[in-house]
1. Tally the residues that are surrounded by 10 or more Cβ atoms within 10 Å (Cβ to Cβ), at pLDDT below 85 and either closer than 16 Å to residue 353 by Cα or among the β-branched types (Val, Ile, Thr) (or both), restricting the search to the range 169-190.
2. Please find, among 382, 361, the residue that is touching a Ser or Thr at 6+ places or on another chain (Cβ under 8 Å), modelled with pLDDT under 95 and surrounded by 16 or more Cβ atoms within 10 Å (Cβ to Cβ).
3. With the condition kept exactly as written, say whether any residue in the range 79-96 is among the aliphatic types (A, V, I, L, M), open to solvent by 10 Å² or more (accessible area, probe 1.4 Å), part of a helix (DSSP H, G or I) and modelled with pLDDT under 85.
4. Pairs please, first residue from the range 97-109 and free of Cβ contacts under 8 Å to residues at least 60 places away in the same chain, second anywhere and surrounded by 14 or more Cβ atoms within 10 Å (Cβ to Cβ) and part of a helix (DSSP H, G or I), Cβ atoms under 7 Å, 6+ apart in sequence or on different chains.
5. Quickly run through the range 97-111 and pick out the residues that are over 19 Å from residue 134 (Cβ atoms) and open to solvent by 30 Å² or more (accessible area, probe 1.4 Å).
6. Scan the range 129-148 and give yes if some residue there is more than 30 Å from residue 296 (Cα to Cα), modelled with pLDDT under 85 and of a type outside the set (A, V, I, L, M, F, W, C), otherwise no.
7. If you check residue 410 against the conditions, is it out of contact with any Leu (no Cβ under 9 Å at 6 or more places or on another chain), open to solvent by 80 Å² or more (accessible area, probe 1.4 Å), assigned to a helix (DSSP H, G or I) and not acidic (Asp, Glu)?
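The values are calculated or read from the model by the stated rules, or taken from the named source; none is laboratory data. Just so you know, these numbers come straight off a predicted model, no measurement behind them. As a convention, Cβ positions derive from the backbone with ideal geometry for all residues, glycine included, and neighbour counts pool all protein chains shown. The protein model used for the area step is the full one, side chains on, heavy atoms only, and it has no ligands, DNA or RNA in it. Shrake-Rupley method; radii C 1.70, N 1.55, O 1.52, S 1.80 Å.
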Amino acid sequence: MSKPIVAVVGRPNVGKSTLVNRLAERRDAIVHESRGVTRDRSYHKTDWNGREFVLVDTGGIESIHSKDTFAPRIREQALLACEEADVIVFVVDGMVGVTDEDEEVARVVRRSKKPSFLVVNKMDDPSNETAVWDFYQLGVGEPRPLSAGHGHGTGDLLDDVVNALPPEVEEPDEPEDTIAVAIIGRPNVGKSSLTNRLVGHDRSIVSDVAGTTRDAVDVVVERGDARFRLVDTAGMRKKSQVHEDVEYYSMVRGLMAMDEADVCLLVVDSSVGVTEQDQKLANMAIERGCALVLCLNKWDLVTDDRRREEVENSFARRMAHMSWVPLVRMSALTGRSCLRVLDAAQRAAEARASRVQTSKLNAILDEIRATGHTITKGNRRLKLNYATQPSVCPPVFAFFCNAPDLVDDNFERFVENRLRERIALEGTPIRLKFRRKD
């Protein structure tokens, strides 16, 4: 059985994400004074007094008459969170009082018939109990004053939330062979559409407005015997184009997802081709030791043969030094080849975790020496003696030689190419270390 779920709901800008960060004792949820920062529902594991549960941070539920482009979809995500939750924490703003939007959220909470707690946030003076009286009219129980910013009242709230959770059932840990996959790319290239297609339902908000996803959103899917934990990240622009604080924090969340990933799926808009920013994102994934799969999304929109050739040429030009990266031509909208993406990710993850026998490595080294290709400088000549693989994820190959300082980038690429010709390393970066024999 999965961990119990506690959904934190309310209208926009009442401090839901601040409360989630306070209860989870970390800063996973993006917090900003702007309205509507949280859009997708995001999940945060936490525990209290030894009881583990999952906090769900939702977008602010606005009136059905709101003119905000994302309001209906944010509302839908929040309603889904209420449906799957075991306990609901309804947050209101004690500095503003009861609003029409609060009453609308209250109707949603009452219809759910789940255990719920009405939290009057931004009450920095906990002794001012009279300020919460107006919130009794919402009809969702006794309002409790709380300050998410200062932490007043959060301990008592957690005690009551844990007591309201369903009886604890022992849950097996996530299998060690679960493949962590970060879906990365520029804004509006189809990352959330790909996530929804792979999951099989609308897990993330999808829109043609750039910057829709702001928090990193994760979900687990299975294909055959393989299990994947997908993280849909916010689109990452060039630093010079990141003007909003919210977008900056979204980018940071994306980088954190890459740090924890086994494989990165780099989604590229086929109608545009591989751009300089795509190239930079690929380099960022490789620097972090992630396996990499390039997903040419919206391939169904590229119907002209000449244009298709231009797109593939952009890949060859921008990522010439990454010829080992597998390429999947797909369409998240139609579903074309989407499952091939998971197959490619699985192969890349297996290559990233693979270990090569020392005897095979040294047989390859013998072949390299037989070519006669080496480096000389003055009266010094590079001699490779033997090789071994000290670690994996990504694979690291150590070459012991007489003069490591002679090794340059060209020779490293030569050795890497010979290794990739003989070893199944598609999709994974490798590290080469040249060490003195003694």
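1. 1
2. 382
3. Yes, the conditions are met somewhere in the range 79-96.
4. If the second residue must be surrounded by 14 or more Cβ atoms within 10 Å (Cβ to Cβ) and part of a helix (DSSP H, G or I), the pairs left are 97/134; 98/134; 98/135; 98/138; 103/138; 106/138.
5. Across the range 97-111, the qualifying residue is only 111.
6. yes
7. yes
Here is a yes/no grid of residues against (1) more than 30 Å from residue 196 (Cβ to Cβ); (2) out of contact with any helix residue (DSSP H, G or I) (no Cβ under 7 Å at 6 or more places or on another chain); (3) surrounded by 15 or more Cβ atoms within 10 Å (Cβ to Cβ):
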residue: 350; (1), (2), (3): no, yes, yes
residue: 368; (1), (2), (3): yes, no, yes
residue: 371; (1), (2), (3): yes, yes, no
residue: 389; (1), (2), (3): yes, no, yes
residue: 401; (1), (2), (3): yes, yes, yes
